[in-house]
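Written out below as structure tokens is the structure these notes cover.
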Amino acid sequence: MLSPQTTQVAIIGAGPSGSIAAALLNKHNINCIILEKSTFPRFSIGESLLPACMESIKHAGMLNAVEDACFQFKDGAAFHCNGTFTSFDFTDKFTDGAGTTFQVQRGNFDKVLADCAKEQGVEIRYQHEITDVDVNAEKPLLSVLDENGTPYQIQADFILDASGFGRVLPKLLELEEPSCLPPRRAIFTHIKDNITDESYDRNKILVSVHPTNTQVWYWLIPFSNGTCSFGVVGEPEFFDAYSEDKVTALKQLAEEESNLKHLLNQAEYPNPCGEIMGYSANVSKLFDRNFALLGNAGEFLDPVFSSGVTIAMKSAELAANLLIKQFNQETVNWQQDYSDTLMKGVNAFRCYVEGWYEGTFQNVIFHENPNPKIKQMICAILAGYAWDESNPFVAEPERRLKVVAELCKPLN
């Protein structure tokens with residue numbers, strides 16, 4: 001085999017975290033190569049962005065391209081449970097920052113970001129698959145197969161794993177650990193929704209709770225072309241009572257939720273269903289002396305509050321900023337300024353995810369008389385601002401949720 005190719009930073013994956021990290025590094029003349037296993041556009045779930053993402057997109061110089069792509073405008077989140085409706089307007093929140101964002105078909109969205117990174121000078125190698133990694137040497141070495149199946153190696157000063165659910169380094173380095181969240185299953189597809197109800201707000205994701213099982217919930221994410229992402233999440237055994245054909249199962253489940261039955265009574269299901277099982281993930285460490293894990297490659301919670309892309313972009317910014325300092329010979333602290341900082345927001349999100357499934361956070365969300373200031377604080381978290389520790393519901397998520405959930409507990 002030929003001598004290894006060299007780069008300062010090798011990035012595994014051209015999804016949002018990989019493209020944004022590469023663009024930020026490139027602005028500081030740090031050479032990086034993105035190695036992407038697939039071709040773009042390619043399907044991915046995680047279509048409902050949070051406003052906090054927009055700052056990362058702006059910092060990476062990609063805001064104009066995203067705004068020009070005509071994605072579906074998004075200004076909040078709507079919730080429904082057994083006839084009770086509520087919604088959150090992301091412009092009416094505790095934390096300063098963007099209050100609107102987009103709902104996107106990820107194939108197109110991810111390609112927009114990757115194309116921006118490429119236009120800025122980042123090299124992206126599509127259909128290049130990582131087969132092995134050696135991080136024990138002073139400089140880590142990646143073994144790669146190119147699009148023709150030809151092997152080669154890349155030696156980098158540092159590796160960023162932005163491989164998402166592929167979780168390349170966690171698998172190769174045996175870093176995976178069980179999640180503290182119980183296993184759940186999601187089935188989903190893209191539908192032609194044909195919604196005619198004029199009261200339906202396409203500017204918001206709709207999260208609906210199953211009428212008899214509060215552990216089960218639906219997402220409905222409208223796109224700008226008259227289609228929606230539609231999915232159901234529940235414990236794996238819940239789906240045993242439904243058809244093995246996942247499209248049929250989705251239709252059956254839509255019929256059981258009164259509002260979705262009404263909204264989707266003319267929906268068409270032209271696409272096959274996707275499925276993910278046991279998707280929550282954890283790792284023994286988020287970084288080492290010559291690599292770091294970004295986004296879903298490190299930790300994934302649950303899709304209920306659409307936090308995945310936000311966490312991915314936040315991790316990309318944190319890691320890129322540390323690498324810029326590191327390559328400038330400045331002293332950096334990856335534990336404090338990457339792992340600890342990232343996990344502050346992740347753990348805030350985790351608290352509310354757990355509260356959702358326990359029912360306490362559902363009581364808060366559906367409370368008929370919410371305190372406006374508390375609602376603004378919670379709205380900020382739902383908008384992705386889970387790192388703003390001036391927000392009491394970020395600084396002390398467990399204690400604050402416990403107190404407000406007690407106040408919102410149903411009398412019966």
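The values are calculated or read from the model by the stated rules, or taken from the named source; none is laboratory data. Nothing here was measured: the structure is a model prediction, and the numbers come from that model. Methodologically, a virtual Cβ is constructed for each residue, glycine included, from the backbone with ideal geometry; neighbour enumeration extends over all protein chains shown. Calculation scope for accessible area: heavy atoms of the full protein, side chains included, ligands and nucleic acids excluded. Shrake-Rupley method; radii C 1.70, N 1.55, O 1.52, S 1.80 Å.
So here's what we get for this one:
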{"quantity": "Square roots of five times the Cα gyration tensor eigenvalues for the range 185-277, Å", "calculated": "21, 14, 12"}
{"quantity": "Relative packing of peptides 308-321, 172-185, 384-397 - highest average C-beta neighbours within 10 Å first", "calculated": "308-321, 384-397, 172-185"}
{"quantity": "The range 143-196: C-alpha pair distances exceeding 16 Å, %", "calculated": "70"}
{"quantity": "Distance between modelled label sites at Gln266 and Thr6, nm, 7 Å Cα→Cβ extension", "calculated": "6.4"}
{"quantity": "Additional length obtainable on full extension of the chain from Ser199 to Glu235, 0.36 nm per residue less Cα span", "calculated": "9.8 nm"}
{"quantity": "Which listed pairs, of Lys93/Lys192; Lys375/Lys409; Lys58/Lys139; Lys261/Lys409; Lys111/Lys171; Lys58/Lys285, have C-alpha distances above 22 Å, in listed order", "calculated": "Lys93/Lys192; Lys58/Lys139; Lys261/Lys409; Lys111/Lys171; Lys58/Lys285"}
{"quantity": "Among Ala23, Ala249, Ala383: highest mean-square fluctuation, GNM of the chain, C-alpha pairs under 10 Å", "calculated": "Ala249"}
{"quantity": "Whether the range 253-412 is rounded, prolate or oblate, judged on the alpha carbon gyration tensor where a/c under 1.5 counts as rounded", "calculated": "oblate"}
{"quantity": "Acute angle (nearest 10 degrees) that the helix 16-27 long axis makes with the longest principal axis of the chain, alpha-carbon atoms", "calculated": "40"}
{"quantity": "Segment Asn213-Asn108, extension gain: residue separation times 0.36 nm, minus the distance between their alpha carbons", "calculated": "34.3 nm"}
{"quantity": "Principal-axis tilt of helix 397-407 within the chain, Cα atoms, nearest 10 degrees", "calculated": "0"}
{"quantity": "Computed [θ] at 222 nm, deg cm²/dmol, the chain (DSSP H ≥ 4; -39,500 (n - 2.57); rounded to nearest 500)", "calculated": "-9500 deg cm²/dmol"}
{"quantity": "Partners for Lys204 among aspartates and glutamates (Cα-Cα distance below 16 Å; same-chain residues under 8 apart left out)", "calculated": "Glu47, Asp75, Asp89, Asp92, Asp193"}
{"quantity": "Residue-wise HN-Hα coupling along the range 144-157, computed from phi with Karplus coefficients 6.51, -1.76, 1.60 (Hz; x: Gly, Pro)", "calculated": "10, 10, 7, 5, 9, x, 7, x, 7, 10, 10, 9, 10, 6"}
{"quantity": "Heavy-atom accessible area per residue - the chain, 1.4 Å, Å²", "calculated": "43"}
{"quantity": "Point-to-point label distance, Tyr152-Ser87, nm (Cα→Cβ direction, 7 Å offset)", "calculated": "5.2"}
{"quantity": "Surface share of carbon and sulfur [accessible, 1.4 angstrom probe, percent] for the range 185-277", "calculated": "44"}
{"quantity": "Share of Cα-Cα pairs in the chain lying beyond 37 Å, as whole percent", "calculated": "22"}
{"quantity": "Label-point separation in nm, Ser243 to Phe73, each point 7 Å along Cα→Cβ", "calculated": "3.7"}
{"quantity": "Gained length - Met277 relative to Asn333, 0.36 nm times residue gap less alpha-carbon distance", "calculated": "16.6 nm"}
{"quantity": "Crossing angle, helix 308-327 versus the chain [Cα axis fit, 0-90 degrees, rounded to tens]", "calculated": "30"}
